[in-house]
1. Kindly sort A:148, B:149, B:186 by accessible area of their heavy atoms, largest first, with the probe set to 1.4 Å.
2. Ignoring ligands, DNA and RNA, how do B:110, A:170, A:313 rank by accessible area with a 1.4 Å probe, largest first?
3. Of the DSSP beta bridges with both residues in chain B, give the percent that are antiparallel, rounding to the nearest 5.
4. Placing unit charges on C-beta atoms (Lys and Arg positive, Asp and Glu negative, everything else neutral), compute the dipole magnitude of the stretch A:185-313 about its Cα centre in debye, rounded to 20.
5. Under 9 Å from the Cβ of residue A:263, count the other residues' Cβ atoms, weight Lys and Arg +1, Asp and Glu -1, and hand me the total.
6. Over the stretch B:8-183, what is the relative contact order in whole percent, taking alpha-carbon pairs under 8 Å and six or more residues apart?
7. Normalising by the residue count of the stretch A:185-313, find the relative contact order in percent from Cα pairs under 8 Å and 6+ residues apart.
8. Counting other Cβ atoms within 10 Å of each Cβ, which trypsin sites (Lys or Arg not before Pro) in the stretch B:228-320 have at most 16 and sit in a DSSP loop?
There are 2 protein chains.
Amino acid sequence: MKKFVNDPREFVPEMLEGIALANPDTLAYDPRYNLIRRADAPRADKVSIIQGSGSGHEPAHVMVVGKGMLDGACPGDVFAAPPTDYVYESGKILASEKGVLLLVNNYTGDRMAFDMAKEMLEAEGLEVATLFINDDVAVKDSLYTVGRRGVAGNFFVIKACGAKAEEGADLAEVVRVGEKVNSVARTMGIALTGCTPPAKGEPIFTLADDEMEVGVGIHGEPGRRREKIKSADAIVDELLDAIVPDLPYEAGDEVALMVNGLGGTPISELYLLYGLAHKKLAAKGIKVWRSYVGEYCTSLEMAGASITLVKVDNEIKGLLEAPAEIAIRTF
Amino acid sequence: MKKFVNDPREFVPEMLEGIALANPDTLAYDPRYNLIRRADAPRADKVSIIQGSGSGHEPAHVMVVGKGMLDGACPGDVFAAPPTDYVYESGKILASEKGVLLLVNNYTGDRMAFDMAKEMLEAEGLEVATLFINDDVAVKDSLYTVGRRGVAGNFFVIKACGAKAEEGADLAEVVRVGEKVNSVARTMGIALTGCTPPAKGEPIFTLADDEMEVGVGIHGEPGRRREKIKSADAIVDELLDAIVPDLPYEAGDEVALMVNGLGGTPISELYLLYGLAHKKLAAKGIKVWRSYVGEYCTSLEMAGASITLVKVDNEIKGLLEAPAEIAIRTF
């Protein structure tokens with residue numbers, strides 16, 4: 001197993017400890033619940049936003065905790081939903097009079113944990129809402145979902161909800177903007193390789209040297225089909241042909257365009273894909289308002305990428321442009 | 001070849017076009033010289049800073065062009081020094097009355113191109129300085145260098161020179177702070193896999209499933225030795241045992257600590273390494289003043305990581321804390 005790891009069972013806690021040590025002034029770490037939280041949360045004047053999901057998708061979500069983004073993230077083990085008590089205890093720690101929003105990527109295991117935690121928190125008198133993110137157009141139902149999966153589009157929902165919460169909006173209003181962004185976000189991805197969860201020690205799936213998985217999930221679950229590798233041009237066409245008609249995005253629309261790396265793909269290739277997608281959208285009359293290129297929601301070291309479009313109006317633009325400070329500092 | 005690529009010969013231009021399309025307001029692209037430059041450069045009141053090196057190390061250097069960082073980057077093809085005329089023409093385009101600083105990672109090919117371009121630019125009456133970065137402690141001379149190689153420590157030199165130039169300092173002063181930072185920066189890396197330049201189509205070297213290359217260069221050139229893979233703990237020990245005594249970094253010192261990914265290693269593993277390094281330094285009495293975790297100087301999709309230490313004083317802290325705006329926007 002070609003990984004930087006000690007005891008594979010300690011992979012997640014050791015990563016979380018590293019995040020906390022790298023951000024001593026802004027983040028706090030509670031190892032009991034895998035909780036990374038803003039050091040200054042909760043605040044009585046602001047809805048608290050918590051996301052969980054499995055580990056292995058970093059920077060989602062433990063590395064997008066910060067001002068204008070998440071108040072806390074309580075991941076499960078690699079590719080495993082957080083236990084209900086992680087969510088429940090994190091909700092209690094981050095409880096605010098303005099309410100608690102639980103953001104959940106749409107997977108059956110995550111829904112169960114968050115729905116139950118919501119009930120438990122409400123029983124204690126807290127105002128709690130859940131918001132399910134389901135931006136992946138690849139498949140109708142998947143190995144782990146009823147309905148569409150939540151993938152890299154979750155970033156935009158976090159950003160919008162985080163900005164709205166920072167304004168002091170009430171819980172219903174924060175939920176409203178999150179649902180609005182989710183409703184206009186669409187994603188599809190392609191994998192060139194599998195990946196290896198540390199505790200498993202072997203790849204969750206393998207692709208031949210000339211194969212790719214179209215519409216792959218972020219846990220390696222199957223997408224639409226397995227194909228021979230194509231040129232970057234043909235790959236971008238294939239992704240946009242699935243994404244664009246789905247909303248649909250139409251001539252005259254303005255969009256945020258994200259090219260997200262799945263973990264093992266270098267940023268040079270992501271910018272190459274970005275340039276192709278930008279030009280192909282322009283040729284359809286769809287204007288890129290703002291670009292997002294990098295790693296947002298990954299699958300460990302999987303080589304691959306996804307494209308996300310978000311149709312923007314003035315309200316969404318304002319939310320995406322609002323200041324935010326995530327834990328990861330690049331310079 | 002598992003890459004997002006069209007014609008491999010167009011890999012670098014297509015990447016550069018993607019960078020330009022993603023940053024229409026802040027960057028300009030001159031395809032004649034692979035030049036990505038600040039749209040507002042040159043400025044008469046500021047030293048212009050240019051770096052070249054080969055492509056394949058992104059975000060170095062085309063993605064660290066921006067306010068408080070580089071004014072331009074003119075890379076060669078993948079792992080190839082830029083031709084002299086790229087540097088010369090970029091220097092003319094970015095010529096400032098305050099002078100031009102050419103930052104160069106110490107490789108023989110890069111030195112030749114930049115030294116010659118410097119002479120040509122000086123012949124036109126420009127004030128030009130070169131600064132060679134050589135932070136890699138792994139080997140005394142390498143396949144491509146006389147003396148030590150320049151690797152991820154170049155980020156700190158760019159940041160310091162960029163901040164100083166933004167203050168309006170003269171060329172000698174910008175060079176002084178760059179040399180100061182270079183003199184207290186030390187790096188060593190480990191590779192778990194090789195990588196494949198698009199035009200080559202096959203890996204530049206291969207490692208067995210249980211092997212790693214200790215002290216690897218960023219073009220896959222050999223390091224100190226090939227070993228069986230060890231635990232993350234043992235790897236961090238091995239890197240720090242090479243880096244710490246080299247300056248040396250001593251109890252009571254404050255340092256910037258960078259854990260840099262070589263391209264194919266997920267950020268979760270980098271934070272795991274960061275946490276271990278942070279604690280091991282603390283045990284030696286060395287205090288981490290500021291953390292840098294992510295990809296700064298890569299080798300395409302190589303799995304691996306490097307650790308950089310920079311001993312900081314108040315002057316260096318001020319330069320590293322100065323505001324900067326790079327082209328890459330993560331949110």
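The values are calculated or read from the model by the stated rules, or taken from the named source; none is laboratory data. Predicted model, so just to flag it, every value in this text is computed and none were measured. Cβ placement follows ideal geometry from the backbone for every residue including glycine, while neighbour counts extend to all protein chains displayed. What goes into the accessible areas is simple: the full protein's heavy atoms, side chains included, and nothing from ligands, DNA or RNA. Shrake-Rupley method; radii C 1.70, N 1.55, O 1.52, S 1.80 Å.
1. Working: A:148 65, B:149 0, B:186 35 Å².
Descending order: A:148, B:186, B:149.
2. On the way: B:110 15, A:170 85, A:313 60 Å².
My answer, sorted largest first, is A:170, A:313, B:110.
3. Details: 29 of 52 bridges.
Here the antiparallel bridges make up roughly 55 percent for chain B.
4. Values: 13 positive and 19 negative charges, 52 e Å.
About 240 debye.
5. Details: positive: none; negative: A:58, A:295, A:301.
Charge balance in the 9 Å sphere: -3.
6. Working: 387 pairs, mean separation 35.5, N = 176.
Relative contact order, the stretch B:8-183: 20 percent.
7. Details: 276 pairs, mean separation 44.6, N = 129.
Relative contact order here is 35 percent.
8. On the way: sites: B:228, B:230, B:279, B:280, B:284, B:287, B:290, B:311, B:317; in loops: B:230, B:284.
Counting only loop positions with at most 16 other Cβ atoms within 10 Å, the trypsin sites (Lys or Arg not before Pro) in the stretch B:228-320 are B:230, B:284.
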